[in-house]
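Below: one structure, written as structure tokens.
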Amino acid sequence: MFEEPFGEAWRLRYGSDAPDDSGVAARFVAHRSVREYSDRPLSEATVSGLVAAAQSAATSSNLQLWSVVSVQDPEQRTAIARLCADQDQVHKAPWFFCFMIDHNRLRRAAAMVGEECKGLDYNEFYTMAVIDASLAAERMVCAAEAMGIGICYIGALRNDPSGVASLLDLPAGVFGAFGLCLGYPSEDAKAEIKPRLPQSAVWFRERYDRAASFGDYDDRMKGFYESQGMKGDVNWSMRSGRRVDEHHLTGREVLKEFLEGRGFLKR
């Protein structure tokens, strides 16, 4: 499935002709979120390999400030799905992972050798852990997609941070940053390549371009929204602007207080 030629994937992504040389980028340009999965099993050995791929991602100073919890027990999966806005793909994905910001392991390691590790109180090391977890997850995703496995990130793991911490028995210094569904796509999965901003809006030369144009992106997204049964008269700028107002935080407005209570962001 999802074997569009590079030129077609590029056109769907940018609305324009592709460069002549696709190189290895073709597979990555064809990425999409998959929310419908087949019954084809994803073996423990395959998943172990994907975790190895995640652990092979870059990590600042080799601190490895992340962990991942897989949730496979049916009752536990139902519970975590309900904490993630009851999303169908979380209920049904063959594998579900919770990626964690993890200072707990390093605190334990430091204590074993008599180090106080007070630097972990600073925002820098929280930021470092977010980057570590994100790089690890995306390395897992790239490996999975290269094998024909579909993925879907789940930001709703942050909707109820206290509930997630309780369900997964997370100690202080560990925070559930995002979830990840994995599984082979079903034959009738409706997963399409979503348009992205033109490269000129995100790729600047030498200095940031404060007036970079969005080009025809709102128009291209109008067509995409309509193809998905959504209102085309609410364009990307409008939809995104509303998404970042104070009324669309879905419980995440408590994150700063929660994180401080877990030992993060003290300084």
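Readers should treat all values here as calculations from the given coordinates under stated rules, not as data from a laboratory. This structure is a prediction, so every number in the text was calculated from the model and none was measured. Heads up, the Cβs are rebuilt from the backbone with ideal geometry, glycines too, and the neighbour counts pull from every protein chain shown.
Sort out for me the Cα centre separation of region 175-216 from region 81-151, rounded to whole Å.
After rounding, the separation between the Cα centres reads 20 Å.
Taking 0.36 nm per residue of sequence separation and subtracting the Cα-Cα distance, how much length would be gained by fully extending the chain between Lys92 and Asp219, in nm to one decimal?
Separation in residues times 0.36 nm, less the Cα-Cα distance, equals 42.3 nm.
Can you give me the convex hull volume of the Cα atoms of the chain, divided per residue and expressed in Å³?
Value for the chain: 171 Å³ per residue.
Taking the beta-carbon count within 10 Å as an exposure proxy, list Asp20, Asp86, Asp121 from fewest neighbours to most.
Ranking Asp20, Asp86, Asp121 by Cβ neighbours within 10 Å, fewest first, gives Asp20, Asp86, Asp121.
Please give the calculated 222 nm ellipticity per residue for the chain, where each DSSP H segment of at least 4 residues contributes -39500 (n - 2.57) and the sum is spread over every residue; nearest 500 deg cm²/dmol?
-12000 deg cm²/dmol
State which stretch of the chain is the longest one without any exposed GluC sites (Glu not before Pro), exposure meaning a DSSP loop state and at most 12 other Cβ atoms within 10 Å.
Segment 4-114 is the longest.
Select from Val174, Val164, Val234 the residue whose mean-square fluctuation is largest in a Gaussian network model of the chain (Cα-Cα springs shorter than 10 Å).
Val234
Consider all pairwise Cα distances in region 93-180 and report the whole-number % of them above 19 Å.
So the portion of pairs separated by more than 19 Å is 48 percent.
Which distance in nm do the two modelled labels at Arg27 and Trp203 give, with both placed 7 Å along the Cα-to-Cβ direction?
2.0 nm
Points 7 angstrom from Cα along the Cβ direction at Ala110 and Leu135: gap in nanometres?
If labels sit at Ala110 and Leu135, their model points lie 1.9 nm apart.
Using the 4.7 Å Cβ rule, please list in number order the cysteines from the chain without any candidate partner.
Cys84, Cys98, Cys117, Cys142
How high is the FRET efficiency from Asp188 to Lys266, r the C-beta distance, R0 51 Å, rounded to 0.05?
0.55
So if each residue of separation counts as 0.36 nm, and I subtract the Cα-Cα distance between Thr46 and Ser162, what length gain in nm does that give?
38.6 nm
For region 195-245, what number results from the quotient of the Cα radius of gyration and 2.2 N^0.38 Å?
1.29
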